[in-house]
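See structure below.
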Amino acid sequence: MEITRADEGRTGFEAVFAFLRERLLAGSLRPGDRLVPERELAAQLGVSRPVVREALRALNALGIVEIRDRSGTVVRRPDVRVLNDFFTFALAQQADVADDLMQARIAVECQAVRLACERANVADLERLRAALGRIDATIDDPQAGGAADFAFHRAIVTAGHSDTLGVLHDAMAAVLMRSHVDRRGLVRADGAMKAYLIEDHRRIFEAVAARDPARADRVLRGHFAIGDDFRRQAAVGLPPGAGATPPSTQEEGPEP
């Protein structure tokens with residue numbers, strides 16, 4: 001049995017990952033391509049075969065490669081759900097995850113809504129309109145309402161037609177869904193906030209449909225700001241919405 005030193009195992013494992021990453025980025029390896037045999041890969045990287053085998057098994061678990069009996073290892077197109085699970089576990093261990101996640105969400109969705117104003121097609125607008133209708137229909141149901149809120153915002157990202165933004169949003173999906181459900185639970189007893197929630201999503205939809213990126217960005221940022229204030233007030237025991245005037249309920253004019 002071949003013995004692998006601890007330092008070799010650590011360095012060799014990283015070498016296998018780097019080998020695959022660099023070739024995928026360079027375009028010399030693509031989904032469906034077969035990797036060279038383990039023995040050849042070990043010799044090329046200067047590591048032992050057990051290290052190569054361990055790294056390939058880890059990559060297989062991540063969905064980056066597929067190890068096939070009698071036919072070798074084949075590169076796959078990674079499933080974003082793996083990243084979603086990893087991201088969820090990583091974020092769950094952070095005490096300030098809500099605030100940090102909101103900043104990432106703002107960055108992704110505000111860029112996506114601007115792109116949506118330029119790129120949204122008829123199917124995208126129909127998807128947004130349907131999601132808006134579900135928000136109205138589920139306003140008194142935290143679970144279904146949270147799912148409706150998430151679907152609306154995910155539809156914005158989809159309408160932006162950016163694969164990268166879509167992957168980033170999907171990676172946060174589980175945590176975002178929990179946030180939407182929790183927030184719907186807070187607004188259930190607040191009639192004014194429920195009305196605002198429906199109206200503000202409508203204004204976002206109208207801005208996208210009007211192909212107005214500046215207005216869409218402004219309304220969406222205001223939507224996030226009010227939602228964040230509402231959550232913070234509820235967290236410290238203040239009456240929800242106290243002292244807050246939803247900026248998006250004001251009449252929207254053209255960008256100066």
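If a residue has to be over 20 Å from residue 103 (Cα atoms) and in a helix (DSSP H, G or I) to count, how many in the range 198-214 make the cut? Walk me through it before giving the result.
First, the residues of the range 198-214 that are over 20 Å from residue 103 (Cα atoms): 198-199, 202-203, 205-212.
Those still in the list that are in a helix (DSSP H, G or I) too: 198-199, 202-203, 205-209.
Number of matching residues: 9.
Are any residues in the range 67-90 modelled with pLDDT of 85 or more and open to solvent by less than 70 Å² (accessible area, probe 1.4 Å), and if so, which ones?
Kept after step one, since they are modelled with pLDDT of 85 or more, are these residues of the range 67-90: 67-68, 72-76.
72, 73, 74, 75, listed by residue number.
Here is a check on your reading of the model: is residue 115 at pLDDT 85 or above, open to solvent by 20 Å² or more (accessible area, probe 1.4 Å), of a type outside the set (Gly, Ala, Ser) and over 16 Å from residue 224 (Cα atoms)? Taking the combined requirement at face value, the residue satisfies it. Whether a residue is modelled with pLDDT of 85 or more and not in a helix (DSSP H, G or I) was assessed, and residue 59 does not pass this test.
Restricting 140, 182 to residues that are more than 16 Å from residue 209 (Cβ to Cβ), open to solvent by 60 Å² or more (accessible area, probe 1.4 Å) and not in a helix (DSSP H, G or I) narrows the list to 140.
Each row is one residue, and each column tells you yes or no for (1) over 22 Å from residue 113 (Cβ atoms); (2) assigned to a helix (DSSP H, G or I); (3) modelled with pLDDT of 95 or more; (4) open to solvent by less than 20 Å² (accessible area, probe 1.4 Å).
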site: 133; (1), (2), (3), (4): no, yes, yes, no
site: 145; (1), (2), (3), (4): no, yes, no, yes
site: 158; (1), (2), (3), (4): no, yes, yes, no
site: 177; (1), (2), (3), (4): no, yes, no, no
site: 234; (1), (2), (3), (4): yes, yes, no, no
site: 238; (1), (2), (3), (4): yes, no, no, no
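The values are calculated or read from the model by the stated rules, or taken from the named source; none is laboratory data. The structure presented is a predicted model; accordingly, all values stated were derived computationally and were not measured. Ideal geometry is used to build each Cβ from the backbone, glycine not excepted, and the neighbour counts take in all protein chains shown. We work out accessible area using only protein heavy atoms, side chains counted, and drop any ligands, DNA or RNA first. Shrake-Rupley method; radii C 1.70, N 1.55, O 1.52, S 1.80 Å.
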